[in-house]
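K.L.:
Dropping a structure here in structure tokens format, bear with me for questions.
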Amino acid sequence: MTQSYLVAALMGSVVTAIVAYFLHRFYAAQATTRIRVEAHARTDALAQTQARRTEETGQEEQAKQELESAIVDLRDDLARQIATTDEIRVALKTAVEEKDQWTQQARQIADEASRLKSLAATFERWHEQMISLMTQNQDMHAKNHELSAIVRHVVIVSLNASIEAARAGPAGRGFAVVASEVRELAARSEELSKSYRNSLHRNDLTTTTTFQDIQAGGKMITASLGSVEALANQLQSKLH
Amino acid sequence: MISSQAKDSIERIFYKAAQARLPMAPGDVCDIVPIKPGSVAGKGAIEARAKDGGATQAGRPQAPTGQVVVLTISGILFRLMLLLHFNEDDSTRDYFVKDDAQSTFGEIVAEISNLCCGAMNQELLRYFPDLGMSTPYMLSAQCVPHLENLKPSYLSSYAIQLGDSVYVAATLCVCAAAPIDFVADVSAVEESSGELELF
């Protein structure tokens, strides 16, 4: 009895083991299939990712080449810019030097114009000399006036002498000739005095107008130099 | 040497300056009449007017006696001389001196002449940028006929009546070293504030 129980138990165990084995095989096959499907899916995803990466890498490579090309271009540009900047710097330096020279020249012109304005004093000195000349002329006018008065007196005296000579009759004939000569000389002196007076007036006018011309010309030159000075100062302040 | 329009312009400038500066009161008459060459100052139209107005013959300037005020405006190519002949009679003295006890008649007429010439100078500066003006100087009126000796390009005399009985003679003389031609427009309004700048 016991044996039969044992056999039955053994048989049951064997059957159970066989069933368990097959069940294990079935589930293992299912799991394998599932894993394979998942592996395929992952392989596909990885392939897609790989393709994208490859494409991205290509794009990056292209971008890199473009960037390198741009860098080369920029480097060339920079070199050119540096060269241009150097040229400009040299030109600027030259311009600054020239500007300094011009400023200096403008200052020199302004100083020179300012200095030359003192010429006005020279012109005024010449004009003052006119006063001295005119005073001399007036003195000559007075002397000529006196001479004219003397000549008029001599004319009267000679006329009186002629009258006295006529009264003396034949004895006064020689005296009459002398009186006539004196009257003649007095008339010539009077003419000379008039002519001299005219010359003095002409001299007055010529002297006055000439010296006034010098004085006015001096003012004109001073004013012009003032304009030159102002322009040079304007130029100087613009150059600063 | 001086074109006829330049002569007219100089005359217009003189008229404007004389009318602005010679009358002592703004409302005073200032009649200017050109004197023809060879005639005695004051003869001609102004003499007739003086007679019509009842003025005495002594009221007119009797050239060449008395004193004239001489002024010069110098440019690069020309010089212009203005000679103003004031009679020193009572009416002229009363007209110009008035109550001024500080100055002599000579000083006052020299000052007035200076203002008149200064006004001409200011006007001429519009056409000739480089000009200068002298200070006034008194000369005998007998010097005036000798202006011909300066070989002027333009010489012109005028009789000026101021108020009722004051007569002043004026002579303009321009000596030019080159042809001068310009047209003066004297219609601009007179500026009354420039008197100090004239000195």
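The values are calculated or read from the model by the stated rules, or taken from the named source; none is laboratory data. Every value quoted in this text rests on a predicted model; they were computed, and no experiment measured them. With ideal geometry, Cβ positions are generated from the backbone for all residues, glycine too; neighbour counts draw on all protein chains shown. Only protein heavy atoms, including side chains, enter the accessible area calculation; ligands, DNA and RNA are left aside. Shrake-Rupley method; radii C 1.70, N 1.55, O 1.52, S 1.80 Å.
K.L.:
Gaussian network model of chain A, Cα springs within a sub-10 Å range: biggest mean-square fluctuation belongs to which of A:Ser158, A:Ser189, A:Ser13?
P.N.:
It is A:Ser13.
K.L.:
Let me ask something else. Report ³J(HN,Hα) in whole Hz for each residue of segment A:214-224, in order, from the Karplus equation J = 6.51 cos²θ - 1.76 cosθ + 1.60 where θ = phi - 60°; Gly and Pro get x.
P.N.:
With coefficients 6.51, -1.76 and 1.60, one gets 5, 5, 5, x, x, 5, 4, 5, 4, 5, 5 Hz.
K.L.:
Per residue of segment A:26-35, what does 6.51 cos²θ - 1.76 cosθ + 1.60 with θ = phi - 60° give for ³J(HN,Hα)? Whole Hz please, x for Gly and Pro, Karplus curve as stated.
P.N.:
4, 5, 5, 5, 4, 5, 4, 4, 4, 5
K.L.:
For chain A, modelled as a Gaussian network with Cα springs under 10 Å, which listed residue fluctuates most, A:Ala41, A:Ala20, A:Ala223?
P.N.:
Residue with maximal mean-square fluctuation among A:Ala41, A:Ala20, A:Ala223: A:Ala20.
K.L.:
Where nothing but the Cβ of Lys and Arg (+1) and of Asp and Glu (-1) is charged, how large is the charge dipole of segment A:22-100 around its Cα centre, in debye to the nearest 20? Intermediate results must be reported in sequence, preceding the final value.
P.N.:
Values: 12 positive and 16 negative charges, 228 e Å.
Computed about the Cα centre, the dipole is about 1100 debye.
K.L.:
So for the pair B:Asp164, A:Gln48, with labels modelled 7 Å out along Cα→Cβ, what separation do we get in nm?
P.N.:
A separation of 12.8 nm, rounded to one decimal place.
K.L.:
Which one, A:Val178, A:Thr135, A:Ile163, projects farthest toward the positive side of the charge dipole computed for segment A:74-197 from Cβ point charges (K/R +1, D/E -1)?
P.N.:
A:Ile163
K.L.:
If you don't mind, another one. From other protein chains only, count the Cβ atoms within 10 Å of every residue's Cβ in B:135-141, then give the mean. Each step should come with its number before you reach the end.
P.N.:
Numbers: counts 6, 1, 11, 2, 7, 7, 1.
Average per residue, whole number: 5.
K.L.:
Let me ask something additional. Excluding same-chain residues fewer than 8 positions from A:Lys99, which lysines have a Cα within less than 24 Å of its Cα?
P.N.:
By straight Cα distance, A:Lys99 reaches A:Lys238.
K.L.:
Testing the spin-label approximation: label points 7 Å from Cα along Cα→Cβ at B:Leu125 and A:Asp77. State their distance in nm.
P.N.:
With each label point 7 Å from Cα toward Cβ, the separation is 6.0 nm.
K.L.:
Between A:Leu159 and A:Ser195, take the C-beta separation as r, use R0 = 30 Å, and let me know the FRET efficiency to the nearest 0.05.
P.N.:
With a Förster radius of 30 Å, E is 0.85.
K.L.:
Could I ask something else about it? Return the carbon/sulfur percentage of the accessible area of segment A:118-239, one whole number, probe 1.4 Å, all protein chains in place.
P.N.:
Heavy-atom surface of segment A:118-239 belonging to carbon and sulfur, 1.4 Å probe: 61 percent.
K.L.:
Restricting things to alpha carbons, find the Rg to Rh ratio for segment A:1-130 using the Kirkwood radius for Rh.
P.N.:
Radius of gyration over Kirkwood radius for segment A:1-130 works out to 1.98.
K.L.:
As an exercise, use a Förster radius of 35 Å and the Cβ-Cβ distance of A:Ala176 and B:Thr65 to find the FRET efficiency, rounded to the nearest 0.05.
P.N.:
0.35
K.L.:
Any chance you could list P(r) for segment A:161-240, counting all Cα-Cα pairs in 5 angstrom bins from zero, rounded to whole %?
P.N.:
The percentages, shortest bin first, are 3, 12, 9, 8, 6, 7, 6, 6, 6, 5, 5, 4, 4, 3, 3, 3, 2, 2, 2, 1, 0.
K.L.:
Please check which bits of segment A:197-223 a label hung off A:Ala121 would reach, taking the label as a point 7 Å along Cα-to-C-beta and the cut-off as backbone N under 13 Å.
P.N.:
Once the point is set 7 Å along Cα→Cβ of A:Ala121, nothing inside segment A:197-223 turns out to lie under 13 Å by backbone N.
K.L.:
For B:Asp164, which sequence-distant residues (separation of 5 or more, or a different chain) have an amide H within less than 5 Å of its own amide H, given hydrogens modelled in the peptide plane?
P.N.:
Residues meeting the criterion, in which the H sits 1.01 Å from N, do not exist here.
K.L.:
Quick check: net charge around A:Gly226, other residues with Cβ under 12 Å of its Cβ, Lys/Arg +1 and Asp/Glu -1? Kindly include the intermediate steps, with their values, before the conclusion.
P.N.:
Values: positive: A:Lys117, A:Lys219; negative: A:Glu229, B:Asp130.
Value of the local net charge: 0.
K.L.:
Build a GNM of chain A with springs between Cα atoms under 10 Å: which of A:His145, A:His24, A:His153 gets the top mean-square fluctuation?
P.N.:
Of A:His145, A:His24, A:His153, the most mobile in the Gaussian network model is A:His24.
K.L.:
Please work out whether chain A counts as rounded, prolate or oblate from its C-alpha gyration tensor, where a ≥ b ≥ c are the square roots of the eigenvalues and a/c under 1.5 means rounded, while otherwise a/b larger than b/c means prolate and anything else oblate?
P.N.:
prolate
K.L.:
What do you get for Rg/Rh of the protein assembly as shown when both radii come from the Cα atoms and Rh is the Kirkwood radius?
P.N.:
Checking Rg against Rh, the ratio lands at 1.80.
K.L.:
Roughly how much accessible area, to the nearest 100 Å², goes out of reach of solvent when B and A pair up, both sides summed, probe 1.4 Å? Show your work: numbers first, answer last.
P.N.:
Details: alone 10050 and 18790 Å², together 26950 Å².
Heavy-atom accessible area buried at this interface is about 1900 Å².
K.L.:
Could you give the size of the charge dipole of the protein assembly as shown about its Cα centre, using +1 on the Cβ of each K and R and -1 on the Cβ of each D and E, expressed in debye and rounded to the nearest 20?
P.N.:
Roughly 540 debye for the protein assembly as shown.
K.L.:
Between B:Lys7 and A:Gln234, what's the calculated FRET efficiency when r is the beta-carbon distance and R0 is 41 Å? Round to 0.05. Write down the numbers at each step before the final one.
P.N.:
On the way: r = 38 Å, r/R0 = 0.92.
In this case the efficiency is close to 0.60.
K.L.:
Length gain on complete extension for the stretch A:Glu60 to A:Ala166, per 0.36 nm per residue less the alpha carbon to alpha carbon distance? Intermediate values should be presented prior to the final figure.
P.N.:
Values: separation 106, 0.36 × 106 = 38.16 nm, distance 15.15 nm.
Difference between extended and current length: 23.0 nm.
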